[in-house]
1. Taking only pairs six or more apart or across chains, which ones have beta-carbon atoms under 8 Å, a first residue in segment 86-102 that is farther than 17 Å from R143 by Cβ, and a second residue that is of a type outside the set (D, E) and in a helix (DSSP H, G or I)?
2. Would you check if I210 is over 23 Å from N96 (Cα atoms), in contact (Cβ under 8 Å) with a residue 60 or more places away in the chain, open to solvent by 20 Å² or more (accessible area, probe 1.4 Å) and over 13 Å from the mean Cα position of the chain (by Cα)?
3. Restrict the check to segment 124-144 and report whether at least one residue is touching a strand residue (DSSP E or B) at 6+ places or on another chain (Cβ under 8 Å), more than 21 Å from L36 (Cα to Cα) and surrounded by fewer than 21 Cβ atoms within 10 Å (Cβ to Cβ).
4. Quick one: count up the residues across segment 145-174 that are open to solvent by 30 Å² or more (accessible area, probe 1.4 Å), without any contact (Cβ under 8 Å) to a residue 40 or more places away in the chain and over 28 Å from H104 (Cβ atoms).
5. Give the number of residues within segment 38-57 that are more than 16 Å from the chain's Cα centre (by Cα) and open to solvent by 50 Å² or more (accessible area, probe 1.4 Å).
6. Are any of the residues in segment 97-113 open to solvent by less than 60 Å² (accessible area, probe 1.4 Å), closer than 22 Å to F154 by Cβ, modelled with pLDDT of 90 or more and hydroxyl-bearing (S, T, Y)?
7. What single numbered condition from (1) more than 14 Å from the chain's Cα centre (by Cα); (2) closer than 24 Å to N85 by Cβ fails to hold for A201?
Amino acid sequence: VLSQCGPRPSVRCTAMGDRRVADALRKFVRLHCWDLVALTGLCVAAAAFLSPAIVDGGSFGPFDYDTTLTSLGTGLYAHVHNASNGDALSQMISWNTLDWRMVHAGHFPLWNDYSGLGMPEFLNFESSVLSLPDLVSYLAPLRDAFLVVVFAKFVIAGTGAYVLARVLRLRIPAAVFAGVTFMFSGAFANWITWPLSDVVAWSGWIAALIV
């Protein structure tokens, strides 16, 4: 644009540049329209997987486990659905809530005053202060923040596996199958509330970039 319009581009030159960008974007969408449809489908599948929590729950997490920690919750639930997932409530959801409250209060989540005599919050990598799912969750209401974290992990995992499959020149149906099976596999979905899934979720994208 500069070479055609001289060293001091005018409004006309800017319009030409905008038009070229728009044309390039339309061309990209036209060439990859079915890929975009497939990626949208993976996002819808993740939302459908979490729909019981969206429809039935006041917030996301194994809060039936919380009722067993003191006598105050006795009788609220007949049984705990997952007794081994207590860390999600006592740590991951709590850290996300603390981060959300501090960010919205204008403070960087550097230190956690509520754990013993205090402990690092930012340098405690399990709290995931600046992970992409947590950054997105800060935009949501507090009651939905951790659900957004979980949804983001599913989307990152599914789309990453899809992109890897397409980089390996698999057809779209096979790539969709790869995305769905990876993000809903037991090894990933069962650990979706834990920090290790923050890293595993990026496996497809990392492998695709390496290839």
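The values are calculated or read from the model by the stated rules, or taken from the named source; none is laboratory data. Everything numeric in this text was worked out from a predicted model, so none of it was measured. All Cβ positions, even for glycine, are placed from backbone atoms using ideal geometry, and neighbour counts span all protein chains on display. When the accessible area is computed, the model is the full protein with side chains, heavy atoms only, and any ligands, DNA or RNA have been set aside. Shrake-Rupley method; radii C 1.70, N 1.55, O 1.52, S 1.80 Å.
1. G86/Y65
2. no
3. yes
4. 5
5. So the answer is 3.
6. yes
7. The one condition A201 does not meet is (1).
To keep it simple, each residue is scored yes or no on (1) in contact with a helix residue (DSSP H, G or I) (Cβ under 7 Å, 6 or more places away or on another chain); (2) at pLDDT 90 or above; (3) not β-branched (V, I, T).
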| site | (1), (2), (3) |
| --- | --- |
| D18 | no, no, yes |
| A22 | no, no, yes |
| K27 | no, no, yes |
| C33 | no, no, yes |
| T40 | no, yes, no |
| A45 | yes, yes, yes |
| P52 | no, no, yes |
| G57 | no, no, yes |
